[in-house]
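Below is one structure, written out as structure tokens, with a few remarks after it.
The values are calculated or read from the model by the stated rules, or taken from the named source; none is laboratory data. These figures come from a predicted structure and were not determined experimentally. Positions of Cβ are generated from backbone atoms using ideal geometry, with glycine treated the same way; all protein chains shown enter the neighbour counts. Note: areas computed on protein heavy atoms with side chains; ligands, DNA, RNA excluded. Shrake-Rupley method; radii C 1.70, N 1.55, O 1.52, S 1.80 Å.
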Amino acid sequence: MDFALTEEQQAIFDMAHAFGQEQIAPHARAWEAAGTIPKDLWPRVGELGFGGLYVSEENGGAGLTRLDATLVFEALSMACPSVAAFLSIHNMCAKMLDSFASDELRARVMPKILTLETVLSYCLTEPGSGSDAAALKTRAERTNSGYRLNGTKAFISGGGYSDAYVVMARTGEDGPKGVSTFYVEDGAEGLSFGGLEDKMGWRSQPTRQVQFDNCDISEANLVGNEGKGFTYAMMGLDGGRLNISACSIGAAQTALNMTLDYMGERKAFGQSIDQFQALQFRLADMEIELQAARTFLRQAAWKLDTGAPDATKFCAMAKKFVTEAGSRIVNQCLQLHGGYGYLADYGIEKLVRDLRVHEILEGTNEIMRVITARHLLAAR
Ligand SMILES: Cc1cc2nc3c(=O)[nH]c(=O)nc-3n(C[C@H](O)[C@H](O)[C@H](O)COP(=O)(O)OP(=O)(O)OC[C@H]3O[C@@H](n4cnc5c(N)ncnc54)[C@H](O)[C@@H]3O)c2cc1C
């Protein structure tokens, strides 16, 4: 057992960290205020190979492991969790296409996905179904030339912003076996978007409903096989959960670093506040929790990389543990900044707002417990 990063892994982390600090961190607050990430960022991210982090090399991707990918998301999230998490969603979709799209569809769309000229959104949730995703109602009826989509997706990160949508829709019976996956390009007739959602965090990412109103797409845009879409969507989420957790770790590390600096400078009762032992204990507790979370996350990533039978359980457990640890740490860091932590200029309150949603999406943390308990009971 070796817990050290390889030289190559350290180089991947350093490259992503440097890019984040130079090209994302200085703009993160302005992008949040604007409610959008400039589109011209993405091709620059693509040049680093981050448009297809774990898309196979055979299909032009970087072919990294899931563990390697968590390093990229941790490093980018040190600059801005909202931007990093948006890239995670794109990569989740890219991997689904890498694994399951036909050769024809892959050859047609993958080159621009890898360069991030095509940015992808993931469309599973609907107004009436989130945790119970298999109850989705968006329908895809067969036509002479392909499929006609009707229905509404809710909470879509990148809705009305992305260049293409990976959409789970019902082609058959009720339940998970009646779901298929489709690739829908922006501009398709019958594709429209709801208003911009006004959110607590992740504010630089536009979130909208995605609506299909007799939206005709060609048969070639079916991803993989009919009836397998729910399986593809869930496989995407295993990796997505690791990435979101890595985003929590990166942001928590940034908050802790800032807090260590701040506490050395801020004086109260004649000494810097880092001299109060009660506060030193809080620093120690945060460091312990952060290191434990990072180790657990990397173990879960290693399980997914090695195809361990309990990988799904570990991804779920890590997502629950790590995202809650991340939220607790950034919230503590805000507290240790006193009133200044509450001011936007200090950069901590944004992290508190951004990390909160990591406990809700990619499967809520209640659903992470449902998955964990299901595996525990089945193995009894
Ligand atoms: C900012 C943001 C971005 C998002 N981006 C995307 C996206 O890009 N694509 C996408 O498809 N979706 C996206 N989502 C949707 C997200 O995945 C869902 O909100 C999430 O899965 C929860 O679904 P819900 O909101 O319908 O809550 P519900 O499923 O209605 O849950 C309500 C509450 O009940 C609990 N609950 C439900 N079932 C159980 C159970 N069996 N046992 C115990 N507790 C349970 C939940 O944990 C939750 O606390 C996004 C959401 C947000 C907020």
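Do we find that MET235 is within 15 Å of the ligand (Cβ to nearest atom), within 23 Å of the chain's Cα centre (by Cα), surrounded by fewer than 24 Cβ atoms within 10 Å (Cβ to Cβ) and farther than 30 Å from ILE348 by Cβ in this structure?
The answer is yes for MET235.
Assess whether GLY20 counts as being closer than 23 Å to ASP354 by Cα and crowded, with 16+ Cβ neighbours inside 10 Å.
yes
Which of (1) among the β-branched types (Val, Ile, Thr); (2) touching a Lys or Arg at 6+ places or on another chain (Cβ under 9 Å); (3) over 28 Å from GLY128 (Cβ atoms); (4) surrounded by 21 or more Cβ atoms within 10 Å (Cβ to Cβ) does THR254 not meet, given it meets every other one?
(2)
Need pairs with beta-carbon distance below 7 Å; first residue farther than 16 Å from LEU149 by Cβ and modelled with pLDDT of 95 or more and within the stretch 121-134, second within 8 Å of the ligand (Cβ to nearest atom) and of a type in the set (Ser, Thr, Tyr); sequence gap 6+ or separate chains.
SER131/THR364; ALA133/THR125
Suppose the filter is surrounded by 15 or more Cβ atoms within 10 Å (Cβ to Cβ), of a type in the set (Asp, Glu) and not in a helix (DSSP H, G or I); does GLU362 pass it?
yes
Of the residues LEU297, LEU304, LEU290, which single one is in a helix (DSSP H, G or I) and open to solvent by 30 Å² or more (accessible area, probe 1.4 Å)?
LEU304 is the lone residue from the list that is in a helix (DSSP H, G or I) and open to solvent by 30 Å² or more (accessible area, probe 1.4 Å).
One residue is enough: does the stretch 125-139 have a residue meeting the conditions open to solvent by less than 40 Å² (accessible area, probe 1.4 Å) and more than 16 Å from the ligand (Cβ to nearest atom)?
no
Can you work out which of the residues in the stretch 335-345 that are touching a residue at least 40 places away in the same chain (Cβ under 8 Å) and crowded, with 19+ Cβ neighbours inside 10 Å is nearest to the ligand (Cβ to nearest atom)?
HIS337
Counting only residues that are out of contact with any Phe, Trp or Tyr (no Cβ under 8 Å at 6 or more places or on another chain) and within 14 Å of the ligand (Cβ to nearest atom), how many does the stretch 173-201 have?
So the answer is 7.
Does any residue of the stretch 264-286 turn out to be open to solvent by less than 40 Å² (accessible area, probe 1.4 Å), modelled with pLDDT of 95 or more and not in a helix (DSSP H, G or I)?
For the stretch 264-286, residues open to solvent by less than 40 Å² (accessible area, probe 1.4 Å), modelled with pLDDT of 95 or more and not in a helix (DSSP H, G or I): present.
Where the second residue is within 13 Å of the ligand (Cβ to nearest atom) and part of a strand (DSSP E or B) and the first is farther than 17 Å from SER121 by Cα and in contact (Cβ under 8 Å) with a residue 60 or more places away in the chain and lies in the stretch 143-157, which pairs have Cβ atoms under 8 Å and are six or more apart or on separate chains?
Correct list of pairs: TYR147/ALA169.
Would you please list the contacts, defined by Cβ atoms under 8 Å and residues six or more apart or on different chains, that run from a residue in the stretch 358-375 that is without any contact (Cβ under 8 Å) to a residue 40 or more places away in the chain to a residue that is more than 10 Å from the ligand (Cβ to nearest atom)?
Hits for this filter: GLU359/THR323; GLU359/GLU324; GLU359/SER327.
So, of the residues in the stretch 140-157 that are away from the ligand (no atom under 16 Å from the Cβ) and of a type in the set (Ser, Thr, Tyr), which turns out to be surrounded by the fewest Cβ atoms within 10 Å (Cβ to Cβ)?
Checking each candidate, the answer is SER145.
When you scan the stretch 115-174, how many residues do you find that are of a type in the set (Val, Ile, Thr) and in a loop (DSSP other than H, G, I, E, B)?
The qualifying residues number 7.
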